[in-house]
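One structure below.
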Amino acid sequence: MKHDMSAPEERQDSTLQGKSRFDWREDLLHSRDVKARDVDAYGFALSWYEEWRVKRALAPGRESAEQWWLQAVKSKEREEWQLLQWAAAMRWFLAWLKVCQEQGGDGLGIPERLKRAVHTMGARRGLAVRTRETYAGWLVRFGVYAVSESRVMDETVARDWLTMLVEKGKVAYATQKQALNALVFFYRDVCGREEVDLQVKLRKTSRRQPVILTRVELMALMDKLEPLYKTTALLQYGAGLRVSEVVRLRIKDIDLDRCVVTVHSGKGDKDRESIIPACLRESLSRQMEESRRFWQEDRAAGVAGVFLPDALARKMPRAGEKFIWHWLFCMDHISRDPGSGIIRRHHMNEKTYGEAVTRAAERAGILKRVTTHVLRHSFATDLLRSGADIRTVQELLGHADVKTTEIYAHAVELGKGVMSPLDRVV
């Protein structure tokens, strides 16, 4: 196959900074060695590859292409003509990428450039890591929709995309606000535009009732949970923590004498305290010693310290090597930090932990949609059922508005003193 790569269209824009950039989508449309009937099929395969690669923070190139082929393409039965077509698309892309790199380009697509721009400016603005990840995720989705850099910079395209999310996507109101805030941050902070008004009317959606486990179901869940995740789940339920909060706890956040856990930079970048069940003191003490063992291994091996927020890392560059900053629930292996590229030890993976909880619920025969957040729901309702003041529960959960906490009060009231009329006649 011949490849006409003599003059790929270079894209220069100060908003999405980086090396000289080239847009494979534009060059694919103008390529003289790809037949018109194959352009859409090539575009489908390469968009799939790019989305898969960006999600895993992999660089464009032969190595990531081979991983994509084995893990995504060959993971299912495919028609022979599909494999031939997608292989041809990837050969075209790798040849195109070689030309780009020879001319000083990096071959990154629009979604990836948007992701990097948001992370970079978010760090400069002091946004919490989770907020940066959320905004970057929305900008990646917007980049896939917009396709070209000129359309990304057009606010009317952003308005159309948001409208589609609201009217066709039927996403929740909070999700709509997230997407809107991400775009406003991009145009205002990344692009430097003084006024940003996307003129999108968000649509209120009905509030969903929380899934709540009975105490029998809760104990059955814990009984079926793999030992590695049991203390994590018990603490999440016992303190009412969000999943992101429990997996990111550090040694210094646990006060076993006072039975208090401190959550730093929770939702809304707020700090708060919650209760530690007295019955978990021994388990948490063992967990801290397990964490100490991994910390000692890392120090002996000269592994970099654990991740610290940017401002803290600048102020206390060696703090990540101290035991008090080590993760309470850490991984049993070291890996590359996708943000900095540093090899270090990370905290327990949210997704892996969540999947373990869901599997345990299935094994326990619980006929409800069980996620890790159900443990937090159950904490709130059990406290209210035992007579705790709603304001106290609000503070423990870290809710900004008591109306959010009132959802649990309503769920508790339904289970108390209300009898169906059918029970009176049978």
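Per the listing ARG37, ARG25, the residue uniquely among the basic types (Lys, Arg), open to solvent by 100 Å² or more (accessible area, probe 1.4 Å) and in a helix (DSSP H, G or I) is ARG37. Determine whether ALA179 is surrounded by 14 or more Cβ atoms within 10 Å (Cβ to Cβ), of a type outside the set (Val, Ile, Thr) and without any contact (Cβ under 8 Å) to a residue 60 or more places away in the chain. For ALA179, the condition - surrounded by 14 or more Cβ atoms within 10 Å (Cβ to Cβ), of a type outside the set (Val, Ile, Thr) and without any contact (Cβ under 8 Å) to a residue 60 or more places away in the chain - is met.
For region 228-256, filtered to residues that are closer than 16 Å to ILE324 by Cα and part of a loop (DSSP other than H, G, I, E, B), the residue that is least open to solvent (accessible area, probe 1.4 Å) is LEU249. Looking across region 1-56, the residues that are at pLDDT 85 or above, over 31 Å from the mean Cα position of the chain (by Cα) and hydrophobic (A, V, I, L, M, F, W, C) come down to LEU28, LEU29, VAL34, ALA36, VAL39.
Every residue in region 311-322 that is outside any loop (DSSP other than H, G, I, E, B) and exposed (fewer than 15 other Cβ atoms within 10 Å of the Cβ), please.
Of the residues in region 311-322, the ones outside any loop (DSSP other than H, G, I, E, B) are 311-315, 319-321.
If the condition is that a residue be outside any loop (DSSP other than H, G, I, E, B) and exposed (fewer than 15 other Cβ atoms within 10 Å of the Cβ), then ALA311, LEU312, ARG314, LYS315, ALA319 are the ones that fit.
Within region 118-133, the residues that satisfy the criterion of being in a helix (DSSP H, G or I) and not hydroxyl-bearing (Ser, Thr, Tyr) are VAL118, HIS119, MET121, GLY122, ALA123, ARG124, ARG125, VAL129, ARG130, ARG132, GLU133.
Taken as a whole, the condition of being open to solvent by less than 50 Å² (accessible area, probe 1.4 Å) and either within 26 Å of the chain's Cα centre (by Cα) or free of Cβ contacts under 8 Å to residues at least 12 places away in the same chain (or both) does not apply to ARG293.
Take the conditions (1) surrounded by 13 or more Cβ atoms within 10 Å (Cβ to Cβ); (2) touching a residue at least 60 places away in the same chain (Cβ under 8 Å); ASP223 misses just one of them, which is (1). Just one of the numbered conditions (1) free of Cβ contacts under 8 Å to residues at least 12 places away in the same chain; (2) within 23 Å of ILE251 (Cα to Cα); (3) outside any helix (DSSP H, G or I) is not true of ARG344: (1).
If you go through region 346-367 and pick out every residue that is modelled with pLDDT under 95 and basic (Lys, Arg), you end up with 1.
Among ALA380, ALA361, ALA409, ALA388, which is among the hydrophobic types (A, V, I, L, M, F, W, C), within 17 Å of GLU226 (Cβ to Cβ) and either open to solvent by less than 70 Å² (accessible area, probe 1.4 Å) or not in a helix (DSSP H, G or I) (or both)?
Among ALA380, ALA361, ALA409, ALA388, only ALA361 is among the hydrophobic types (A, V, I, L, M, F, W, C), within 17 Å of GLU226 (Cβ to Cβ) and either open to solvent by less than 70 Å² (accessible area, probe 1.4 Å) or not in a helix (DSSP H, G or I) (or both).
When the criteria are applied in full, ARG62 fails the requirement of being among the charged types (D, E, K, R), under 25 Å from the mean Cα position of the chain (by Cα) and either open to solvent by less than 10 Å² (accessible area, probe 1.4 Å) or within 26 Å of ASP337 (Cβ to Cβ) (or both).
May I ask you to list the residues in region 257-275 that are touching a Leu at 6+ places or on another chain (Cβ under 6 Å) and open to solvent by 10 Å² or more (accessible area, probe 1.4 Å)?
none
The values are calculated or read from the model by the stated rules, or taken from the named source; none is laboratory data. What you are looking at is a predicted structure, and each value in this text was computed from that prediction instead of being measured. With ideal geometry, Cβ positions are generated from the backbone for all residues, glycine too; neighbour counts draw on all protein chains shown. To get the accessible areas, we keep the full protein, side chains included, count just its heavy atoms, and leave off ligands, DNA and RNA. Shrake-Rupley method; radii C 1.70, N 1.55, O 1.52, S 1.80 Å.
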